[in-house]
1. Tell me the Rg and the Dmax, in Å, that the Cα atoms of the stretch 1-55 produce.
2. Rounded to the nearest Å, what's the spacing between the alpha carbon centres of the stretch 37-64 and the stretch 17-33? Just the number, please.
3. Give me the one-decimal nm value for the distance between modelled label points at residue 46 and residue 7, 7 Å along each residue's Cα-to-Cβ direction.
4. At 0.36 nm per residue, minus the direct Cα-Cα distance, what do residue 64 and residue 25 gain on full extension? Give it in nm, one decimal, please.
Amino acid sequence: MFFDALERRGTLALLKFTGALVLFVLLHLARLPLVLAARVLEVALRRLDRYATDHARRAPTGPINHFYPATNREEIHVHA
């Protein structure tokens with residue numbers, strides 16, 4: 001089968017096919033690190049999003065206004 005195609009089409013066609021096949025394999029091998037980097041970045045961004053969402057959902061533990069000290073009568077002086 002291989003030699004039959006070689007006899008029909010010639011050595012140049014076989015070299016072209018082999019070159020195209022090698023180029024195809026090299027391009028896919030070059031793509032693998034990029035795909036791996038994208039997966040790692042995706043996992044990191046998902047974890048960062050989960051961390052930021054968890055912290056945004058928590059109720060504040062202290063006074064929100066950090067410019068003035070908290071007093072016992074703070075509720076009276078709040079103007080909205």
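1. 22.4, 71
2. 39 Å
3. For the pair residue 46/residue 7, the computed spacing is 5.6 nm.
4. Result for the pair: 8.2 nm of gain on full extension.
The numbers here are math on the coordinates, done by the rules we state, and not lab data. Source: prediction; values computed, not measured. We place every Cβ from the backbone using ideal geometry, glycine too, and count neighbours over all the protein chains shown.
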